[in-house]
1. Extending each Cα 7 Å along its Cβ direction at residue 368 and residue 230, get the distance between those two points in nm, one decimal.
2. Of 368/440; 185/471; 419/475; 377/440; 104/237; 66/119, which ones are farther than 30 Å apart at the Cα?
3. Would you mind checking which residues have amide H under 5 Å from residue 498's amide H? H placed 1.01 Å from N; only 5 or more apart, or other chain.
4. How big is the antiparallel share of DSSP beta bridges in the chain, given as a percent to the nearest 5?
5. With θ taken as phi - 60° and the coefficients 6.51, -1.76 and 1.60, list the Karplus ³J(HN,Hα) couplings across the stretch 339-354 in order, rounded to whole Hz; mark glycine and proline as x.
6. Among the lysines, which have Cα under 26 Å from the Cα of residue 599 when same-chain residues fewer than 8 positions away are ignored?
7. Test of understanding: what is the full-extension gain from residue 580 to residue 107, defined as 0.36 nm times their sequence separation minus their Cα-Cα distance?
8. Sum up the charges of everything whose Cβ sits under 13 Å from the Cβ of residue 154, counting Lys and Arg as +1 and Asp and Glu as -1, but leave residue 154 out.
Amino acid sequence: MKEKRWILRKDYDLEIVEKLAASLGVDKIIATLLVERGVTTFEEARRFFRPGLDQIHDPYLMKGMKEAVERINEAIAKQQRIMVYGDYDVDGTSAVALVYSYFKELDRNIDFYVPDREKEGYGISYQGIDYARETGVKLIIALDCGIKAMEQVSYAKQYGIDFIIGDHHLPDEVVPDAVAVLDPKQADCPYPYKELSGCGIGFKIVEAHLEQRMGVRLCDMPEQLDPARRQRQEDLKLRLLKYLDLVAVSIASDIVPIMGENRVLAFFGLRVLNTKPRPGIEAILHYGRVDKRKTDQSDMSDQSDNVKTGYFEKELTISDLVFLVGPRINAAGRIRSAFDSVRLMLTEDVGIARRLAEDINTYNTERKDLDTAATEKAKLLIDQHPFYRGRHSLVLYDPEWHRGVVGIVASRIVEAYYKPTIVFTQGADGIITGSARSIKEFDVHEALEKCADLLEHFGGHKCAAGVSLRKENMKAFVDRFEQLVRDGMGPEEQMPEVEIDSELRLGDITPKFLRILKQFAPFGPENNVPVFLSRELVDTGNARIVGTNHLKFNAISTTERSAPYPAIAFQMGECLGRMKSGDRFSLCYQLEENYWRGKTEIQLGVKDIRFEY
């Protein structure tokens with residue numbers, strides 16, 4: 001078991017914690033968790049626990065939104081053909097499905113396009129533009145890509161094709177010469193929230209256009225509206241709600257922060273999924289062994305205290321979207337064609353949805369086999385080849401690896417070795433293409449920027465990026481990347497860490513505590529499931545190994561009177577002997593709901609174990 005650093009968070013003001021606890025009538029642990037998430041006042045806590053669509057930002061604050069809506073209206077008025085173009089991953093395909101489905105209701109003269117991962121690669125392709133030209137397209141709305149497509153946008157202009165770019169990746173100093181570039185990360189963009197997903201950008205386009213059509217905005221204060229406009233605002237909310245399931249799927253799958261606007265969008269997106277899921281998502285969940293109840297309930301109310309979930313046997317969470325929905329939607333683009341994913345999310349026909357979901361589930365099974373084989377080969381190479389001994393980074397290449405799984409393999413390698421990793425395979429036209437994944441302490445996108453002269457293309461985020469280069473530049477790139485990682489990280493930073501939110505006694509786990517803790521959801525980056533630390537525990541005597549090497553036990557305190565709690569520690573079977581010997585230990589863990597055969601129990605999801613002597 002790899003040794004980990006335990007970091008107990010102390011990045012908060014105790015006086016603020018105590019004041020917040022008093023104003024809310026909660027204990028200091030709950031108040032601490034709130035302050036750690038930037039919630040410091042009663043009003044901020046009210047907005048945190050009671051998300052509302054009135055909390056999302058005015059889309060017209062986004063640079064280029066006015067121009068984008070005007071150009072779309074011009075295309076519709078002149079009956080110009082529009083094409084919605086998106087990346088082949090979950091974020092891109094969900095964005096395409098959302099924007100296409102909205103504008104399809106207004107204008108039949110619209111098409112969508114997703115590039116082929118193998119033949120066209122990431123981003124806006126010349127083949128896609130040629131297809132647009134051949135089919136008479138005059139406006140392309142690009143989503144989840146395009147922020148660096150200077151040449152492609154110029155190429156399209158030669159044929160009278162305009163671009164609207166809707167992206168969320170980091171831009172260069174110069175952006176494409178499009179009609180509008182919508183990306184909150186532009187230095188001069190005043191939009192207050194910078195972490196929307198690509199599908200989130202697509203939603204803001206739809207929101208802006210629908211607001212203009214209906215003559216009212218979500219940001220308008222209801223008390224300042226006359227009754228007719230107030231009713232139109234309520235109708236606007238209902239019309240926008242139906243798209244938020246796709247936004248929630250993208251937020252979960254693209255691993256963007258789930259605080260601020262994203263938290264509101266994810267909250268209501270989960271509500272849609274839990275009350276009235278679209279046929280395609282329901283069909284996917286069936287293959288993830290999540291089935292609906294016999295009695296369906298539906299409540300699209302905007303009041304969080306009137307939530308009625310119950311369409312499925314268990315309430316869907318962000319985690320379900322990450323592990324059950326996202327990989328299956330991704331699998332189509334990885335193995336066959338991402339067009340199938342878009343069609344699945346668009347269809348309203350249950351029969352078609354089931355057939356597409358069955359195909360996509362087959363692709364997902366094939367994807368699992370490919371990434372398992374590639375991961376095993378990669379680990380064998382790292383463990384046996386002298387080149388990788390003592391390396392601070394891992395750069396791997398095999399021309400036989402499938403391009404659709406190199407990102408997954410890179411993630412698996414980071415999990416196993418905790419080092420910034422890039423996995424390459426052979427791409428089109430002699431270019432080597434790959435995916436980079438990093439650890440919390442190292443900004444891989446910044447490192448790639450410092451290697452730009454050796455690369456053909458790169459783009460992404462701090463922890464994940466796509467990259468391509470020519471084979472003759474590989475050695476120079478590997479050497480420079482290794483040096484950047486070596487210089488950018490100290491010895492401690494190369495050790496995995498467990499960030500602990502608070503110490504907790506098992507006796508503090510009361511029904512009220514659990515009830516409030518559940519309201520912190522939806523969980524995700526910047527609002528992760530809290531990690532607690534409890535000390536001086538022992539096993540009740542029933543510790544055992546389950547599965548491959550998972551330790552299941554019951555923890556009880558030696559210093560307080562409290563009930564024992566069931567616990568599961570994945571891949572920690574080597575601790576069994578000491579636990580059965582009665583040795584005391586400390587646990588880092590998350591409080592989880594374990595759903596099994598129709599029953600739910602609270603268990604400790606163990607992150608790490610330390611024996612006290």
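The values are calculated or read from the model by the stated rules, or taken from the named source; none is laboratory data. Just so it is clear, the structure is predicted and the values come from calculations on it, not from any experiment. With ideal geometry, Cβ positions are generated from the backbone for all residues, glycine too; neighbour counts draw on all protein chains shown. Side chains are part of the model used for accessible areas, which takes the heavy atoms of the whole protein and leaves out ligands, DNA and RNA. Shrake-Rupley method; radii C 1.70, N 1.55, O 1.52, S 1.80 Å.
1. With each label placed 7 Å out from Cα toward Cβ, I get 5.3 nm.
2. Violating the 30 Å Cα-Cα cut-off are 185/471; 66/119.
3. 5, 6, 7
4. Numbers: 46 of 76 bridges.
Rounded to the nearest five, the antiparallel share is 60 percent.
5. Working through the residues one at a time gives 4, 4, 5, 5, 4, 4, 6, 8, 5, 10, 8, 4, x, 5, 4, 5 Hz.
6. Partners within reach: 276, 292, 294, 308, 314, 512, 518, 552, 607.
7. Extra length available between residue 580 and residue 107 comes to 163.5 nm.
8. In short, -1.
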